[in-house]
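To start, the structure under review is shown below, and the notes come after it.
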Amino acid sequence: MYSKQQKETALKLFKETQSVSEIVRILGYPTRKNLYNWIYEEKNPPSKRKEYPIVNNSSKHPRNPSLKVKLDAIHRCFELGENIKYVSEDIGYSRVSIYQWRKRYLKEGMLGLMNTKNIIPGTLVEGSIINNDTSSDDIKQLKAQLQDMQMEIDILKETINVLKKDPGIDQRALCNREKAVIIDALKNKYSLPLLLRKM
């Protein structure tokens, strides 16, 4: 258990450094998890926290949650910084599920989170109509286009982040060494042949 003064010191130092690792290195306390919780508590005091209804694991609790539930959980955990354990208990789905939803969301966007098994042809799903004429080939083609566009976005982001280039940089003007750095940064997300073809 840490004293109030230790907590205040760590939070004050975080405001200056904006680095959790640096604080733990300098002070020797707290754990990274504790510090993240303190930062969250400071940014979201109980009076300002949004109350979410507690979902019970009952017969009304679907095995495959809706897109809204998944997006809300991802938003709370990875954008607002809420503790994943608490969010998991709150919505009634495991922490593993939340991590899987995020992984699918990062890889395929909202399409990856949709429960396509339960989609009834001709119904409205997130602003698009899936009708009887839509073939699996069309869906595969759309997914491929979506993945291709996402790869281009990721390559541009890495060009800006890794190489500190201007947003308007022409990728054809990059030297081979710079291209190799970008490919290395994205090789865990995309296959090497795809990246090489793109670059």
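Things worth noting here:
- Within the range 168-184, the set of residues being at pLDDT 80 or above and of a type in the set (G, A, S) comprises just one member, A180.
Condition check ((1) at pLDDT 85 or above; (2) of a type in the set (D, E)) across all residues:
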residue: E8; (1), (2): yes, yes
residue: K43; (1), (2): no, no
residue: Y52; (1), (2): no, no
residue: N64; (1), (2): no, no
residue: K68; (1), (2): yes, no
residue: L71; (1), (2): yes, no
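- Test set (1) at pLDDT below 85; (2) within 16 Å of the chain's Cα centre (by Cα) - R104 fails condition number: (1)
The values are calculated or read from the model by the stated rules, or taken from the named source; none is laboratory data. This is a predicted model, so every value here is computed, not measured.
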